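The values are calculated or read from the model by the stated rules, or taken from the named source; none is laboratory data. Owing to the predicted nature of the structure, the values given are computational and were not obtained by experimental measurement. Here Cβ is always computed from backbone atoms with ideal geometry, including for glycine, and neighbour counts include all displayed protein chains.
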């Protein structure tokens, strides 16, 4: 039972390159989230998926797209990476959408040069 | 709009001293508040929630609606308490808002 698994753990990109962060959970949770963590700014919600088949913007969605591939998987795509997207990205899941109890992945450290 | 404020980015205390990590929130509805903790090189995890009114690892937090606060307290700090602590607010709109976090450093 791995919980929430994110890949890759580290990635370096050049400005303008694209990449996808993968996230999978094995807890049969309905809701999934992508956050970014920046020094002095805490965790900010990028996108979330309240249930399979739905996605919604969070606080900082610009420059990102998401796909809820199935109940288990929720990916985050950067179409044209920018240095401002250098951050640590966390995927999280919760049993239902209206709970504050989130289960986090280990994080993915992304550097955009 | 909902907001969570953690006024201290860094809090240093000596081992055995009391700890209080401050959290204030802004939300017009009925709040649901949490504390999350991130130990070094570990994932973020839930520490406690105001609804359960429990004590976890010696930490407690009481929701004060009048002062809109949810401070995290522990009477005697331990070295293993050193970590990053995030206060979080859950609302009915399916979003959890986090504060900027407070790094707790327990000095031996």
Practice task
Go through (1) free of Cβ contacts under 8 Å to residues at least 24 places away in the same chain; (2) over 11 Å from the mean Cα position of the chain (by Cα); (3) facing chain A (nearest Cβ under 9 Å) and name the single condition residue B:49 misses.
Solution key: (2)
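In region A:74-105, how many residues are under 20 Å from residue A:31 (Cα atoms), part of a loop (DSSP other than H, G, I, E, B) and modelled with pLDDT under 95? Before the answer, list the steps.
Taking region A:74-105 first, the residues under 20 Å from residue A:31 (Cα atoms) are A:74-77, A:89-105.
Now drop any that are not part of a loop (DSSP other than H, G, I, E, B), which leaves A:95-102, A:105.
Within this subset, residues satisfying the condition of being modelled with pLDDT under 95 are A:95-102.
Residues that pass the stated criteria total 8.
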Completion exercise
Among residues of region A:79-98 being out of contact with any strand residue (DSSP E or B) (no Cβ under 7 Å at 6 or more places or on another chain) and without any contact (Cβ under 8 Å) to a residue 40 or more places away in the chain, the residue surrounded by the most Cβ atoms within 10 Å (Cβ to Cβ) is A:98
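Any residue at all in region A:24-43 that is free of Cβ contacts under 8 Å to residues at least 24 places away in the same chain and not in a loop (DSSP other than H, G, I, E, B)?
yes
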Problem - Residues satisfying the stated conditions in region A:44-59, i.e. within 12 Å of chain B (Cβ to nearest Cβ) and assigned to a loop (DSSP other than H, G, I, E, B) - result: A:50, A:51, A:54, A:55, A:58, A:59
Practice task
Would you check which residues across region A:22-45 are closer than 18 Å to residue B:98 by Cβ and surrounded by fewer than 23 Cβ atoms within 10 Å (Cβ to Cβ) and list them?
Solution key: A:37, A:38, A:39, A:40, A:41, A:42, A:44, A:45
Exercise for the section: Name the one entry in A:43, A:21 that is in contact with a strand residue (DSSP E or B) (Cβ under 6 Å, 6 or more places away or on another chain), farther than 14 Å from residue A:94 by Cα and at pLDDT below 95. Expected result: A:43
Exercise for the section: Exactly one condition in (1) away from chain A (no Cβ under 12 Å); (2) closer than 15 Å to residue A:39 by Cα; (3) surrounded by 22 or more Cβ atoms within 10 Å (Cβ to Cβ) is not met by residue B:83; state its number. Expected result: (3)
Practice task
Sort through B:22, B:15 and tell me the only one that's in contact with a helix residue (DSSP H, G or I) (Cβ under 7 Å, 6 or more places away or on another chain) and either within 14 Å of chain A (Cβ to nearest Cβ) or surrounded by 12 or more Cβ atoms within 10 Å (Cβ to Cβ) (or both).
Solution key: B:15
